[in-house]
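Colleague: Have a look at this one.
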């Protein structure tokens with residue numbers, strides 16, 4: 001039961017950080033994009049997306065306030081990541097044989 005508590009606390013902390021700090025992320029391009037523009041080959045790789053993003057530019061399109069939309073995008077991303085990790089962990093853990101002791 002202790003491991004579940006720590007997991008829930010960790011997910012809550014990650015969500016709080018994502019929701020609280022994502023709105024303050026830099027709007028400047030990252031290092032790879034800066035180098036590509038500086039070297040003059042960034043335009044070669046600009047193409048329309050193959051699949052439409054549900055959260056383009058790390059914002060929630062339905063939210064008008066950019067900072068709140070970015071924070072919500074961070075929260076949604078943290079929750080989606082936690083759900084994927086939990087699902088993969090559950091699949092990899094397998095089932096316990098009947099009568100085997102639980103590990104907490």
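Colleague: Taking helices (runs of 4 or more DSSP H) that do not extend beyond the chain, which have at least 2 residues that are touching a helix residue (DSSP H, G or I) at 6+ places or on another chain (Cβ under 6 Å) and modelled with pLDDT of 85 or more? Talk me through it step by step, then tell me what you get.
Modeller: Working: elements: 2-21, 31-39, 66-93.
Result: 2-21, 66-93.
Colleague: Checking the condition loosely packed, with under 11 Cβ neighbours inside 10 Å, at negative phi and within 17 Å of the chain's Cα centre (by Cα), which residue from 28, 53 passes?
Modeller: 53
The values are calculated or read from the model by the stated rules, or taken from the named source; none is laboratory data. What you see is a predicted model; the values in this text were computed from it and never measured. A quick note on method: Cβ atoms are made from the backbone with ideal geometry, for glycine too, and the neighbour counts reach across all protein chains shown.
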